[in-house]
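Trainee: Shown below is the structure under consideration.
Nothing in this text is a laboratory measurement; each read-out follows from the coordinates by a stated rule. Fair warning: this is a prediction, and the values are worked out from it, not measured in the lab. Note that each Cβ is placed from the backbone with ideal geometry, even for glycine, and that neighbours are counted across all protein chains shown.
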């Protein structure tokens with residue numbers, strides 16, 4: 001693996017650890033705020049892509065792909081929130 005790949009994997013692992021730490025805190029709002037922010041970014045990405053294409057299938061695919069981090073963050077949040 002290249003150095004760039006290791007850097008990206010380290011950043012993703014660090015972000016997951018931070019999200020787990022935030023999910024374990026007493027306040028519920030901060031854990032969900034990260035997922036909400038990710039969802040808003042995906043909406044803006046779809047709006048931006050709308051200016052470049054007229055295909056609804058492409059817009060739907062962009063929306064699904066852009067929400068993969070949102071779903072991942074919600075899974076981590078609800079998994080560690082119950083404990």
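Trainee: Looking at segment 59-83 only, could you name the residues that are farther than 26 Å from residue 13 by Cα and either in contact with a strand residue (DSSP E or B) (Cβ under 7 Å, 6 or more places away or on another chain) or surrounded by 14 or more Cβ atoms within 10 Å (Cβ to Cβ) (or both)?
Mentor: Hit for segment 59-83 is 59, nothing else.
Trainee: For segment 46-57, give me each residue that is part of a helix (DSSP H, G or I) and surrounded by fewer than 11 Cβ atoms within 10 Å (Cβ to Cβ).
Mentor: Listed by number, the residues that qualify are 47, 48, 56, 57.
Trainee: Out of 43, 20, 7, 36, report the one residue that is more than 20 Å from residue 71 (Cβ to Cβ) and either assigned to a helix (DSSP H, G or I) or touching a residue at least 24 places away in the same chain (Cβ under 8 Å) (or both).
Mentor: Checking each option against the conditions leaves just 7.
Trainee: Condition test on residue 60, is it within 12 Å of residue 19 (Cα to Cα) and either over 12 Å from the mean Cα position of the chain (by Cα) or in a helix (DSSP H, G or I) (or both)?
Mentor: No, not satisfied.
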